[in-house]
Amino acid sequence: MSKRFWIVGGEYSDCMFKQLQPGTERVSGPFHDEVKARMEWQRLTFRDRCGATERYSICVEPEAQAR
């Protein structure tokens with residue numbers, strides 16, 4: 001099984017980025033290709049240059065262990 005990539009984030013209460021504002025959470029994915037995940041991350045991150053309190057991260061889902 002290949003790795004899966006997810007984009008998670010949203011708008012935070014302030015620039016300390018400790019608490020997401022309810023209702024602004026966003027999860028995109030899964031992406032099976034890291035390049036496609038990065039393209040989506042860039043789209044979300046740079047779509048509104050005024051979003052000083054918005055932040056998104058790329059998370060990698062661990063590969064499943066064979067049983």
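Nothing in this text is a laboratory measurement; each read-out follows from the coordinates by a stated rule. Note that the structure is a prediction, hence the values are computed from the model and not measured. Positions of Cβ are generated from backbone atoms using ideal geometry, with glycine treated the same way; all protein chains shown enter the neighbour counts.
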Just to check I understand the Karplus step: with θ = phi - 60° and J = 6.51 cos²θ - 1.76 cosθ + 1.60, what whole-Hz values come out for segment 18-29, glycine and proline as x? 9, 9, 6, 6, x, x, 9, 4, 9, 10, 10, x
Inter-label distance for Glu11 and Ala64, nm, one decimal - labels placed 7 Å from Cα along Cα-to-Cβ: 3.8 nm
Hey, any idea what Rg/Rh is for the chain, computing Rh the Kirkwood way over Cα pairs? 1.06
Give the calculated FRET efficiency between Gln19 and Phe46 to the nearest 0.05, with a Förster radius of 22 Å applied to their Cβ-Cβ distance. 0.45
Search the structure for amide H atoms under 5 Å from the amide H of Gln21, placed 1.01 Å from N in the peptide plane, and list their residues when 5 or more places away or on another chain. Glu11, Tyr12, Ser13
Taking the chain and dividing mean pair separation by its residue count, relative contact order in percent (alpha carbons under 8 Å, at least six apart): 48 percent
